[in-house]
Amino acid sequence: MKKASGLSGWIAMGAVLVLCAVAGADIATTGISGVVVNTTCAGPCAVPPPPPPLFTGDGLTVVIRSLPDHALVARLHPTDGHFGIETPPGLYKVRAFVGDPRMPTCWAGSRRRVLVEDGAVSHVRLKVANLCIL
């Protein structure tokens, strides 16, 4: 009995190593991953402010364009504040906004230039804020 449980332990450990190797393969993809946080300060703001929460409201759009040609790579609509996409290596502009940017709105968003290197995922943190809330 003890030999069987020892053997099954080795089999289980081997299975875990195989699963880790397969999961690790996804990490080596090339692209952009990020979060969008809501920096709206409703009411009296605390000093120092708490960490901003992820934006989980409606109408969030993340636009990714290649640079220098500004070609549209992706238009994402995350609902949980997280986004990610595989891209070739290169320079990109990543922008977050709420609502339609062609219409007047209380929301302000941010944008970042992101350099993606071959075999790496570049991480970006974007912000949105409702400027009409005092």
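The values are calculated or read from the model by the stated rules, or taken from the named source; none is laboratory data. Note that the coordinates shown come from a computational prediction; the quantities given were computed from them, not determined experimentally. Positions of Cβ are backbone-derived with ideal geometry, glycine not excepted, and every protein chain shown enters the neighbour counts.
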> When residues of the range 83-93 are filtered for being in contact with a Leu (Cβ under 8 Å, 6 or more places away or on another chain) and surrounded by 14 or more Cβ atoms within 10 Å (Cβ to Cβ), how many remain?
Replying inline: 5
>> Given the criteria modelled with pLDDT under 95, of a type in the set (Asp, Glu) and surrounded by fewer than 16 Cβ atoms within 10 Å (Cβ to Cβ), does ASP69 qualify?
In response: no
>> Just checking, does the range 45-61 include any residue being in contact with a strand residue (DSSP E or B) (Cβ under 8 Å, 6 or more places away or on another chain), among the aliphatic types (A, V, I, L, M) and either modelled with pLDDT of 90 or more or surrounded by 10 or more Cβ atoms within 10 Å (Cβ to Cβ) (or both)?
In response: yes
> Does the range 33-40 contain any residue that is on the phi < 0 side of the Ramachandran plot, loosely packed, with under 10 Cβ neighbours inside 10 Å and in a loop (DSSP other than H, G, I, E, B)?
Replying inline: no
> Quick one: in the range 78-134, which of the residues that are charged (D, E, K, R) and assigned to a strand (DSSP E or B) is farthest from ILE32 (Cα to Cα)?
Replying inline: LYS127
>> With the requirement that a residue be in contact (Cβ under 8 Å) with a residue 24 or more places away in the chain and either among the β-branched types (Val, Ile, Thr) or more than 16 Å from ILE64 (Cα to Cα) (or both), what does the range 94-116 give you?
In response: VAL94, VAL98, GLY99, CYS106, TRP107, VAL114, VAL116
> Which condition does ALA28 not pass, out of (1) at pLDDT 75 or above; (2) closer than 30 Å to GLU117 by Cβ; (3) under 19 Å from the mean Cα position of the chain (by Cα); (4) not basic (Lys, Arg), if it passes all the others?
Replying inline: (1)
